[in-house]
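The values are calculated or read from the model by the stated rules, or taken from the named source; none is laboratory data. The structure presented is a predicted model; accordingly, all values stated were derived computationally and were not measured. Note that we place each Cβ from the backbone using ideal geometry, even for glycine, and neighbour counts take in every protein chain shown.
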Amino acid sequence: MRVLFVVSEAYPLVKTGGLGDVGGALPAALAGLGAEVRLLLPGYPEARARLAGAADEGSLGDLLGLGEARLLGGEMPGSGLRVWLVHFPPLYERPGGPYLDPAGREWADNHLRFALLARAGAHLAAAGGGFGFAPDVVHANDWQSGLLPAYLKLGGRTRPGSVFTVHNMQFPGLFAAEVLGAIGLPPESFAIDGVEFYGRISFLKAGLAYADRLTTVSPTYAEEIQRPAGGGGLAGLVAKRAGVLTGLVNGVDYRIWDPAKDRLIARRYGPRRLALKAENKRALQREMGLAPEPATPLVGLVSRLTEQKGVDLMLAALPRLLGLGCQLATLGSGEARFETELAAAAAAHPGRVAVHTAYDEALAHRIQAGADICLVPSRFEPCGLVQMYALRYGTVPVVHRTGGLADTVVEVGENGKGTGFLFETPTVEALVGAVARALACYRQARRWPSIQRRGMRQDFGWGRTAHKYMEIYRQLA
Ligand code: ADP
Ligand code: GLC
């Protein structure tokens, strides 16, 4: 099975969130099952710098009338997976992130940056485009590669089959109707059953409309996006295509996220050496300037700071959370208003609230290792990886029952089974109630470790999910 996996981020080459974790880990898991995988990404400078043994493999031609792009080949550090980068400096060679410029604004030419990625994918899909790898299946992800299935279908190609995975419906990839020609789509595709979305072009809709098979990252989210509350204006299209849609929960790459092997944390531990977790708590309190109190429950929050993640909810709940006797350690970056409010909360509660507003991969590990509770108050969450990481680190998740959170955390409840605490509505009241339930268990010296250990022994590895993707590929090939 030859799979061309096209994605806009893949750890450790480039990552802004969970998509990067999946882009790095899922292809490696597929390769582990015997698939021959090529990963295709834009040639961002940091990705080129981190790619092992990067070498020019030849010309992709002039795919969008902007000039010749080249294909760089190399290996993923760590997994050794074969990676291709689309090398086109006029679009990719600049400081800033994959989607945003250094000032935090979307790149004005994002339609070209990601049309070129998808176009290169379509070129390689056509019998390998002269690069000796003819894929049986192409797998595109989110709006950034949503045009790929459209290029294949509108180009009259039925082979290779295409899979399109939705990681987040909130990003429709909208661009002005006028760019249709520039991104190489025919006029007839600008229609209700094509890429048109309220007078504009949606790259996400392109993927949803033209891919042979659709997947999303949890069964509950697969249901949610068929209704307007979860799928927005595209819910109707998703519902219409429900017959080819599958919800598959993401996995955890335990080579990277396992306290028994993690070199980024103060002290390694596992379910049988759980007492050592306390050293990580002590180190985290010291590092983040929290009062050095071993018995005080420490709540961690690692998140993009956006409306989706319910950061405002957490901020509104903060006085009551502190009233329950918690400390709070947050790591996040994103919308300026949330960064400002978090910084103000930290200033108002020295020693009790610690805030680091940055993107810091290593600190994310240390918070997972050092906190007692991992709070995920997301309004919606397609899958969510942080709560699964928390489970492995013996950090008990408190989450809103939505999307993948609902599929991966089981309420502890009265009978003492379960792995975490869920709240049913995204309100301050419900959030505080769930944290209070968690704290009631935290204070029971024998009960808490048994909850932690049950979480640590859950298996959210990629194995099961990768098998299911392979099954979908086989049906297509
Ligand atoms: P999403 O993809 O919606 O952001 P996920 O829970 O799927 O949510 O994945 C988030 C990933 O990004 C995790 O690997 C998490 O550790 C990481 N992350 C989020 N914010 C930060 C940050 N400020 N610094 C470091 N890592 C972060
Ligand atoms: C998106 C979602 C998140 C999911 C990740 C990887 O960023 O917001 O819930 O875990 O993609 O699929």
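Please pick out the residue among Ile183, Ile192, Ile201 that is crowded, with 21+ Cβ neighbours inside 10 Å and assigned to a loop (DSSP other than H, G, I, E, B). I'd like the intermediate steps shown before the answer.
Details: Ile192 fails: crowded, with 21+ Cβ neighbours inside 10 Å; Ile201 fails: assigned to a loop (DSSP other than H, G, I, E, B).
None of the other options fit; the residue is Ile183.
Hey, any hits in segment 16-32 for a residue that's touching a residue at least 12 places away in the same chain (Cβ under 8 Å), part of a loop (DSSP other than H, G, I, E, B) and away from ligand 2 (no atom under 14 Å from the Cβ)? Write out each step before concluding.
Kept after step one, since they are touching a residue at least 12 places away in the same chain (Cβ under 8 Å), are these residues of segment 16-32: 16-19, 21-32.
Narrowing the set further to residues that are part of a loop (DSSP other than H, G, I, E, B) leaves 16-17.
Those left that are additionally away from ligand 2 (no atom under 14 Å from the Cβ): none.
No.
Condition (residue is free of Cβ contacts under 8 Å to residues at least 60 places away in the same chain, in a strand (DSSP E or B), more than 16 Å from ligand 2 (Cβ to nearest atom) and in contact with a strand residue (DSSP E or B) (Cβ under 6 Å, 6 or more places away or on another chain)) applied to segment 371-390: is it met by at least one residue? Talk me through it step by step, then tell me what you get.
First pass over segment 371-390, keeping only residues free of Cβ contacts under 8 Å to residues at least 60 places away in the same chain: 387.
Now restrict to residues that are in a strand (DSSP E or B): none.
No, the conditions are met nowhere in segment 371-390.
Does Tyr359 count as in the same structural domain as Thr330 (by TED's automatic domain parsing), in contact (Cβ under 8 Å) with a residue 60 or more places away in the chain and within 16 Å of ligand 2 (Cβ to nearest atom)?
Details: in the same structural domain as Thr330 (by TED's automatic domain parsing): yes; in contact (Cβ under 8 Å) with a residue 60 or more places away in the chain: yes; within 16 Å of ligand 2 (Cβ to nearest atom): yes.
It is true that Tyr359 is in the same structural domain as Thr330 (by TED's automatic domain parsing), in contact (Cβ under 8 Å) with a residue 60 or more places away in the chain and within 16 Å of ligand 2 (Cβ to nearest atom).
Taking the criterion of being in contact with a Ser or Thr (Cβ under 9 Å, 6 or more places away or on another chain), assigned to a strand (DSSP E or B) and not hydrophobic (A, V, I, L, M, F, W, C), would at least one residue in segment 205-214 satisfy it?
yes
Give just the number: which of (1) closer than 24 Å to Pro149 by Cβ; (2) surrounded by 15 or more Cβ atoms within 10 Å (Cβ to Cβ); (3) under 20 Å from the mean Cα position of the chain (by Cα) does Glu106 not satisfy?
So Glu106 meets the others, but not (2).
Would you check if Arg48 is touching a helix residue (DSSP H, G or I) at 6+ places or on another chain (Cβ under 9 Å), part of a helix (DSSP H, G or I), away from ligand 2 (no atom under 15 Å from the Cβ) and not hydroxyl-bearing (Ser, Thr, Tyr)? Before the answer, list the steps.
Details: touching a helix residue (DSSP H, G or I) at 6+ places or on another chain (Cβ under 9 Å): yes; part of a helix (DSSP H, G or I): yes; away from ligand 2 (no atom under 15 Å from the Cβ): yes; not hydroxyl-bearing (Ser, Thr, Tyr): yes.
The answer is yes for Arg48.
All but one of (1) in contact with a Gly (Cβ under 8 Å, 6 or more places away or on another chain); (2) within 9 Å of ligand 1 (Cβ to nearest atom); (3) within 30 Å of Thr215 (Cβ to Cβ); (4) not hydrophobic (A, V, I, L, M, F, W, C) hold for His365, so report the exception by its number.
(1) is the only condition that His365 fails.
Can you find even one residue in segment 339-347 that is among the β-branched types (Val, Ile, Thr), within 23 Å of Gln170 (Cα to Cα), within 16 Å of ligand 1 (Cβ to nearest atom) and not assigned by TED's automatic domain parsing to the domain that holds Leu19? Give the steps one after another, and end with the answer.
Taking segment 339-347 as the starting set, the residues that turn out to be among the β-branched types (Val, Ile, Thr) are 340.
After this cut, where a residue has to be within 23 Å of Gln170 (Cα to Cα) as well, the list is none.
No, every residue in segment 339-347 fails to be among the β-branched types (Val, Ile, Thr), within 23 Å of Gln170 (Cα to Cα), within 16 Å of ligand 1 (Cβ to nearest atom) and not assigned by TED's automatic domain parsing to the domain that holds Leu19.
Checking Gly67 against (1) part of a loop (DSSP other than H, G, I, E, B); (2) within 21 Å of the chain's Cα centre (by Cα): exactly one of these is not met. Which one?
(2)
For segment 412-467, which positions are in contact (Cβ under 8 Å) with a residue 24 or more places away in the chain, within 24 Å of Ala275 (Cα to Cα), under 23 Å from the mean Cα position of the chain (by Cα) and not in a helix (DSSP H, G or I)?
Thr419, Gly420, Phe421, Arg457, Gln458, Phe460, listed by residue number.
Which members of segment 287-326 meet the condition of being surrounded by fewer than 22 Cβ atoms within 10 Å (Cβ to Cβ), within 16 Å of ligand 1 (Cβ to nearest atom) and of a type in the set (Ser, Thr, Tyr)?
Thr306
Somewhere in segment 253-260, is a residue in contact (Cβ under 8 Å) with a residue 12 or more places away in the chain, crowded, with 19+ Cβ neighbours inside 10 Å and under 25 Å from Leu148 (Cα atoms)?
For segment 253-260, residues in contact (Cβ under 8 Å) with a residue 12 or more places away in the chain, crowded, with 19+ Cβ neighbours inside 10 Å and under 25 Å from Leu148 (Cα atoms): absent.
Kindly indicate whether Thr427 is buried (at least 17 other Cβ atoms within 10 Å of the Cβ), more than 21 Å from Phe460 (Cβ to Cβ) and outside the structural domain of Gly97 (by TED's automatic domain parsing).
no
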